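Undergrad: Next up is a structure, given as structure tokens.
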Amino acid sequence: MLIIDSKDCENIDKALKKYKKKYEKSRVLNQLRERQSFTKPSIRRRTEILKAVYRQQMETGALDA
């Protein structure tokens, strides 16, 4: 559960902005999306490896974006 400390004189818009930022940082939405469908460990591992290869290619400049 997310708790936002707001002062009495603080605007509701600022409090809402703080809540949204905290919600993004907690990655609740990502966890819900991951739990919607089961992915096999081998497929999960394969995607992690492909992401790592892509990241490495971007750093070395081998991949033109």
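Undergrad: Please find, within segment 32-65, the residue that is farthest from the chain's Cα centre (by Cα) out of those that are at pLDDT 95 or above and small (Gly, Ala, Ser).
TA: Step by step, filter segment 32-65, then rank; the result is 42.
Undergrad: Condition first: of a type in the set (S, T, N, Q) and surrounded by 11 or more Cβ atoms within 10 Å (Cβ to Cβ). Now tell me which residues in segment 4-23 satisfy that.
TA: Correct list: 6 only.
Undergrad: Looking at residue 26, is it at negative phi, in contact with a helix residue (DSSP H, G or I) (Cβ under 9 Å, 6 or more places away or on another chain) and surrounded by 11 or more Cβ atoms within 10 Å (Cβ to Cβ)?
TA: no
Undergrad: Can you tell which of 23, 19, 54 is over 30 Å from residue 2 (Cβ atoms) and in a helix (DSSP H, G or I)?
TA: 54
The values are calculated or read from the model by the stated rules, or taken from the named source; none is laboratory data. Quick caveat: nothing in here was measured; it's all calculated off a predicted structure. All Cβ positions, even for glycine, are placed from backbone atoms using ideal geometry, and neighbour counts span all protein chains on display.
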